Amino acid sequence: MEFPGKKWSMRFDGLAIATSKGLGIELSCEDGDTLPLSFKLGFSCSNNAAEYEAYMTGLTIALNIGVKHLRVLGDSNLIVSQVKGDFALKEQSLATYRTWAQRLEQEF
């Protein structure tokens, strides 16, 4: 697979419930290459924090493999809208996540 210069899409999802905490990420290239990834979180967090973890993990992986053009297709309108500045933060515990996500986005 050759990553730089191609357009990629990322789908992400985070889940944090009493019995399970994990992330799902799929990076897909315009030529059909796909990288499906999943991770288990080893710490307690809110469902919104898990969504941010999934989003930032996907962005970090994309950057590390050389992706420069990324379209994000998240199932969490809340996270995407908070990072874009369209929605205000109601949970101040998510402020650090939003700041890190915005910094990562600047790399694309």
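Structure data summary
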{"item": "Aspartates and glutamates with Cα under 18 Å of K6, excluding same-chain neighbours fewer than 8 positions away", "result": "E26, E30, D31, D33, E105, E107"}
{"item": "Sum of -39500 (n - 2.57) over DSSP H runs of 4+, divided by residues of the chain (222 nm, nearest 500)", "result": "-10500 deg cm²/dmol"}
{"item": "Candidate values (i) 35, 28, 22; (ii) 38, 31, 19; (iii) 35, 25, 22, label of the one derived for Cα extents along the principal axes in Å", "result": "(ii)"}
{"item": "Selection from I17, G85, G74, by position along the positive dipole direction of the chain (Cβ)", "result": "G85"}
{"item": "Test item: Cα-centred dipole of the chain, Lys/Arg +1 and Asp/Glu -1 on Cβ, debye", "result": "240 debye"}
{"item": "Fewest-first ranking of I79, I61, I25, using other Cβ atoms within 10 Å as the exposure measure", "result": "I61, I25, I79"}
{"item": "Relative contact order of the chain, defined on C-alpha pairs under 8 angstrom at six or more residues apart (%)", "result": "31 percent"}
{"item": "Straight-distance crosslink candidates among lysines, where the alpha carbon sits under 20 Å from K21 and sequence neighbours closer than 8 are dropped", "result": "K40"}
{"item": "Burial ordering of W100, W8, fewest other beta-carbon atoms within 10 Å first", "result": "W100, W8"}
{"item": "Residue exposure sequence - I17, I65 - by fewest surrounding Cβ within 10 Å", "result": "I17, I65"}
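A short reminder: the numbers here are calculations on the coordinates, not readings from a lab. These numbers come from a predicted model, not from an experiment. Here the Cβ is made from the backbone with ideal geometry for all residues, glycine too, and neighbour counts use every protein chain on show.
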